[in-house]
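As C-alpha cells, the structure follows; a few thoughts come after it.
What follows draws every value from the coordinates through simple rules; no lab data is involved. Nothing here was measured: the structure is a model prediction, and the numbers come from that model. Positions of Cβ are backbone-derived with ideal geometry, glycine not excepted, and every protein chain shown enters the neighbour counts.
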Amino acid sequence: MTKYITRMGDGQRVEMTADELMRDFELGTQDAAKRGKIDPLTQDDLKYLLEIFTCTNKIVSVEPGNEVVLTHDIGSLRLNGDQANSGVGIPLSRIQGIGVHERAFAADTFELGHIDYSYKPVKPIISMEQTEMETAQLTTTIPLFYGAMPNLGTYYRPDGPFGNPSDLLPMGKIQEAREAQEEAVHHATRDMIYIGEKMNAVGGDGLNFDTTGAAGDADMKATLHAVEYLKQHTDLAIEVGMAGEFVLGIHGGLEYDGVRLAGLYPHQQVKLVEKAGADIFGPVVNTNTGKSIAWNLSRALTFIKACVQVSNIPVHVNVGMGVGGIPVFETPCIDSVTRASKAMAEIAKVDGL
Amino acid sequence: MGKAELFEQAAQAVVDANKDAAIDIAKQAIAEGIDPVEMINDGFSVGMSRCGELFDTGELFLPELIVASDAMVSAIAVLEQAMPVEQTSKKLGIAVVGTIEGDVHDIGKGIVATMLRVYGFEVHDLGRDVPINVFVEKAKEVNANIVGSSALMTTTQVGQKALEQALKDAGLRDKVKTMVGGAVCTQRWADKIGSDLYAENATDAVTKLKELFS
Amino acid sequence: MGVGDPFGMPIAHGMAAGMGGIRTAGDLVARMQMTRKMRINEAKAYVADKLKVSPTDLSNEHVMREVREELDIGIITAVPGCAKGIEAKARIANLLGVRINSVERLKSKIR
C-alpha cells in the first residue's frame with residue numbers, strides 16, 4: 001500500500017498510508033468537535049484534506065484566487081533577534097527589518113515590536129517606540145501595526161507589584177489569587193490604553209495584542225477592555241491574537257459582557273472580541289507533539305472553521321510554530337507549513353493567516 | 001445505600017466541590033463498614049479524575065480544581081481515622097519541580113504542581129529560574145523520587161539536559177524519575193536527554209506519574 | 001504568524017497562500033479588512049472594483065504591476081519617481097476611500 005511522507009506534531013518525518021491519514025483526520029476532527037461542542041469537518045472536507053496530504057510534492061499552495069491576507073507577530077525579531085523567537089541574528093535595525101518584510105518577503109501587513117515583547121516594558125521607552133513608528137510610517141507602504149503581548153505575568157511578583165497566582169493557588173489562597181488578578185487587570189488595561197494612544201498619535205495603523213489569554217482569563221479581560229476603549233477613542237485598527245485554544249481559568253470567575261471568559265473556545269472567543277470592537281481575530285489551536293500532523297491539522301481546521309462561520313470580523317488564524325496544525329519545531333517544516341496554509345485558506349475559509 | 005451508589009455520591013461531591021457533603025459521605029462509609037481505601041480509590045479519587053478531565057477540556061478551572069481537591073482531602077482525613085496507621089498519609093511520591101534556570105515562565109509548571117498535590121503527591125515547588133544545583137540539593141534534602149523541570153524557550157531547554165547530568169554526578173539519577181515539560185519540549189527531546197517522562201500538559205503529567213507510582 | 005525562521009514561516013506561508021503585498025494587492029485588501037472589518041471575499045471585491053480589475057487578478061503579478069504603476073500607489077521594485085512610503089499611502093487612501101492614520105497626520109502637519 002502506498003505510503004505518504006508526512007510529519008508528527010514534533011516535526012519528525014513519518015510515512016502513513018491514505019487509510020492511516022484518514023483515520024487520524026477523523027480522530028482529530030472528532031476530538032475538536034467533542035471539546036468545542038461544534039460540528040466536525042464534513043466528508044468533503046476530509047477528502048480534500050486527504051488530497052492535500054497525498055500530494056507527493058514537497059510544497060503545496062492555494063489555487064489562484066484563493067489567496068488570503070497575512071499578518072505578523074513578533075515584528076522583525078525573526079531577522080535580528082535570537083533563537084527564542086526563531087531569530088536568525090542578522091544585525092538589522094527594526095526599520096530595515098520592516099523594509100525587508102515589505103519588499104523582499106511580500107508581506108501584506110507588518111508590525112513594529114520591541115525585543116521585550118510585552119506591553120508593560122514598553123511604557124518607560126514609549127518615546128523611542130513612537131519615534132521608530134513615525135520614521136517607519138514615512139517609508140512603509142503596507143499597513144504597520146504596533147505589537148506586543150498583554151502578558152499579565154509581568155504584573156505579578158517578582159516582576160510586578162501583585163501577588164503571583166502561581167504561588168498563591170497551590171497554597172490554597174484562592175481569594176488572594178483572584179484579588180491579585182483583578183488588580184492586575186485594572187493596571188494592564190490602563191497601560192495598554194496608554195501605549196495604544198501613543199501609537200495612534202504618531203500615525204500607527206493598528207495595534208496587535210499577541211498571545212491574549214496567555215496568563216489566563218484575567219489576561220483576556222484586560223485586553224478586551226483596552227480594545228473597547230481604544231476603538232472608541234482612536235483610529236487604530238486592532239488585531240487580537242490568542243495564546244491557546246481555550247482560555248485558561250486561572251481566576252475562573254471573570255466575565256466580559258456577562259460571559260465567563262474561562263474555558264472559551266475560538267468560536268466563542270471571537271464573539272467577545274467582536275463585541276469589544278476589534279477588527280481582526282487571530283485564533284489559536286495548539287499542536288500536540290505526540291500526534292500526527294494529520295490529526296493536529298484536522299483538529300485545528302475543525303475549531304477554526306467553526307470560528308470563521310460565526311465571526312463577523314476577519315479571522316486570521318495563527319499558523320506559527322506549534323499552532324494551527326504546524327509542528328512544534330523552531331525551523332518549521334515547509335511541507336507541513338504549506339499544507340496548513342492551503343487547508344486553512346480552502347477548507348476553514350479563513351480571511352488571513 | 002449500596003456501595004456503588006455511595007461511591008458515585010462521593011465522586012460527585014468532589015466534582016461539585018461540596019466539602020460538607022464529602023465529609024458526610026465519608027462518615028456514612030465508616031458507619032456502613034465500607035473499606036476506607038476502597039472508598040478513596042473507587043469513590044473520591046474517581047471524582048478527582050473526572051475533575052481532571054473537565055480541567056483538560058476547559059470546563060473546570062484551576063481555583064475550582066483546588067476547591068474540589070479540598071473537598072476530597074477533607075473526606076480522606078475523615079476516612080484516615082478508620083484506617084490502620086501504616087495505610088494513612090501515604091503520599092504517592094515526592095516531587096521536586098521548577099522552571100529551569102534562565103526561564104521565568106511558570107504558569108504551566110504551577111498548574112502541574114497544584115495537580116500533583118491534588119492527586120496525592122508531596123510537591124516541593126522551587127519556583128522559576130531555578131539553578132540546576134538547587135534542583136539537586138532539594139531532591140537530596142526531601143528524598144525526592146521525582147524531579148520535574150519546565151522550559152518554555154529553546155535557549156533554556158538545554159538546562160534540562162544539564163539537570164540530567166547533574167543528577168548523575170550527584171549519584172541521584174537512579175533514585176529519581178525525571179520528567180520534562182514546557183512548550184518547546186517533546187517526547188523526542190525527553191528521549192534525547194535521557195529523561196524518564198515527557199508531559200504534554202498537567203493532566204498528562206499526573207496520569208504518567210500515577211501510572212508509575214501507584 | 002509568529003515564531004519560525006524567515007524562510008520557514010513568513011516566506012513559506014506567503015508563497016503558499018499569501019496575497020503578495022505590494023507585489024500585487026495584498027496591502028490594499030488588508031486595509032479593507034483593517035478599516036472596514038471586511039471578510040476576505042468582500043475586501044477583494046471592493047478593491048477589485050476600485051482598481052477596475054477582477055478579484056482573481058488581485059494576486060496576478062502580471063496585471064497588478066502595471067495597475068500599481070499606473071495608479072502610482074507603490075510598486076515592489078525601486079523605480080525612481082514612483083510613489084513610495086507615505087506618498088503611496090496618500091494615493092491609496094484616496095483610491096480606496098479609507099482613512100490612513102499617518103497620511104492624516106502628514107496633512108495636519110502641512111495644513
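Before moving on, here are some points about what is shown:
- Failed item, numbered, when C:ILE75 is tested on (1) at the interface with another protein chain (Cβ under 10 Å from one of its Cβ atoms); (2) closer than 19 Å to A:THR141 by Cβ; (3) without any contact (Cβ under 8 Å) to a residue 40 or more places away in the chain: (3)
- Matching residues, segment A:231-241, being in contact with a Leu (Cβ under 6 Å, 6 or more places away or on another chain) and surrounded by fewer than 24 Cβ atoms within 10 Å (Cβ to Cβ): A:LEU236
- All of A:VAL100, A:VAL62 fail the test of being more than 7 Å from chain C (Cβ to nearest Cβ) and within 16 Å of C:GLY14 (Cβ to Cβ), apart from A:VAL100.
- Meets criteria (part of a loop (DSSP other than H, G, I, E, B), more than 16 Å from the chain's Cα centre (by Cα), over 30 Å from A:LYS34 (Cβ atoms) and charged (D, E, K, R)) for A:ASP191: no
- Residue within segment C:55-67 that is closer than 19 Å to A:LEU144 by Cβ and either at the interface with chain A (Cβ under 10 Å from one of its Cβ atoms) or touching a residue at least 24 places away in the same chain (Cβ under 8 Å) (or both) present: no
- Residue tally, condition more than 7 Å from chain A (Cβ to nearest Cβ), assigned to a helix (DSSP H, G or I) and of a type outside the set (Ser, Thr, Tyr), over segment C:1-54: 14
- Any hit, segment B:71-87, residues being of a type outside the set (Ser, Thr, Tyr), under 30 Å from A:TYR155 (Cβ atoms) and within 16 Å of the chain's Cα centre (by Cα): no
- Among the criteria (1) away from chain C (no Cβ under 14 Å); (2) part of a strand (DSSP E or B), the one A:GLN175 does not fulfil is (2).
- Residue within segment B:20-32 that is in a loop (DSSP other than H, G, I, E, B) and out of contact with any His (no Cβ under 7 Å at 6 or more places or on another chain) present: yes
Listed here are the residues, each with its yes/no results for (1) touching a residue at least 12 places away in the same chain (Cβ under 8 Å); (2) more than 10 Å from every other protein chain (Cβ to nearest Cβ).
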{"site": "A:ALA32", "(1), (2)": "yes, yes"}
{"site": "A:LEU70", "(1), (2)": "yes, no"}
{"site": "A:ILE74", "(1), (2)": "yes, no"}
{"site": "A:LEU79", "(1), (2)": "yes, no"}
{"site": "A:ALA104", "(1), (2)": "no, no"}
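For every residue, the table says whether it meets (1) surrounded by fewer than 19 Cβ atoms within 10 Å (Cβ to Cβ); (2) on the phi > 0 side of the Ramachandran plot.
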{"position": "B:ALA17", "(1), (2)": "no, yes"}
{"position": "B:ALA21", "(1), (2)": "yes, no"}
{"position": "B:ASP24", "(1), (2)": "yes, no"}
{"position": "B:GLN28", "(1), (2)": "yes, no"}
{"position": "B:ASP35", "(1), (2)": "yes, no"}
{"position": "B:ASN41", "(1), (2)": "yes, no"}
{"position": "B:VAL46", "(1), (2)": "yes, no"}
{"position": "B:GLY58", "(1), (2)": "no, yes"}
{"position": "B:LEU62", "(1), (2)": "no, no"}
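- For segment A:213-228, the candidate set comprises residues that are outside any helix (DSSP H, G or I) and more than 11 Å from A:ALA188 (Cβ to Cβ); within that set, the residue that is farthest from the other protein chains (Cβ to nearest Cβ) is A:GLY213.
- Among the conditions (1) within 14 Å of chain C (Cβ to nearest Cβ); (2) touching a Pro at 6+ places or on another chain (Cβ under 7 Å), A:GLY87 misses just one, which is (2).
- Condition met for A:THR154 (crowded, with 23+ Cβ neighbours inside 10 Å and under 27 Å from the mean Cα position of the chain (by Cα)): no
- Within segment A:106-146, the residues that satisfy the criterion of being of a type outside the set (Asp, Glu) and at the interface with chain C (Cβ under 8 Å from one of its Cβ atoms) are A:ALA106, A:ALA107, A:THR109, A:GLN137, A:LEU138, A:THR139, A:THR140, A:THR141, A:ILE142, A:PRO143.
- Residue check, A:VAL247 away from every other protein chain (no Cβ under 13 Å) and either more than 19 Å from A:LYS349 (Cα to Cα) or of a type in the set (D, E, K, R) (or both): no
- Residues satisfying the stated conditions in segment A:312-336, i.e. within 8 Å of chain C (Cβ to nearest Cβ) and closer than 23 Å to C:VAL29 by Cα: A:ASN312, A:ILE313, A:PRO314, A:ASN318, A:VAL319, A:GLY320
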